[in-house]
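First up is the structure itself, then whatever we jot down about it.
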Amino acid sequence: MLNQTSSRDAHAWIVAYLKQRPDIGLQKAIVNFMFEPPNPFDATARRRPRLWFALLGFGLTACTLAFVYFEILPWVHRP
């Protein structure tokens with residue numbers, strides 16, 4: 001006769017299985033999307049961000065700072 005398992009046991013088994021597999025997962029997919037591929041010869045080497053990601057981050061930061069400087073700060077220093 002087959003033993004029935006609860007949903008908590010099944011969830012615990014799935015979590016344990018996924019923790020044994022560090023090569024899959026949403027976080028790994030996001031990191032691979034934003035950074036250069038890892039060096040297969042040096043696993044401890046730092047991964048550089050992709051050029052488009054760095055430029056996009058710089059552009060968004062510059063736009064946000066310009067908006068705050070020209071739109072928000074005049075309201076704060078109004079006499």
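If the segment from Phe33 to Leu56 were pulled out straight at 0.36 nm per residue, it would be longer than the present Cα-Cα gap by 6.9 nm. Under the membrane-span-like helix rule (DSSP H runs whose alpha carbons stretch at least 18 Å along the helix axis, mean Kyte-Doolittle hydropathy 0.0 or higher), the chain yields 51-67. Estimated purely from DSSP H runs of n ≥ 4, each contributing -39500 (n - 2.57), the mean residue ellipticity at 222 nm for the chain is -17000 deg cm²/dmol once divided by its residues.
One equal scatterer on each Cα of segment 7-76, no solvent, Debye formula: the resulting log10 I(q)/I(0) at q = 0.16, 0.21, 0.25, 0.26 Å⁻¹ is -0.76, -0.95, -1.09, -1.11. For the chain, modelled as a Gaussian network with Cα springs under 10 Å, which listed residue fluctuates most, Phe67, Phe33, Phe58? Residue with maximal mean-square fluctuation among Phe67, Phe33, Phe58: Phe67. Around the amide H of Phe35, modelled in the peptide plane, lie the amide H atoms of Arg50, all under 5 Å away and 5 or more residues distant in sequence or on another chain.
Any read-out appearing in this document is the output of simple, stated calculations on the displayed coordinates, not a laboratory observation. Only a predicted model underlies this, so the values are computations on that prediction, with no experimental measurement involved.
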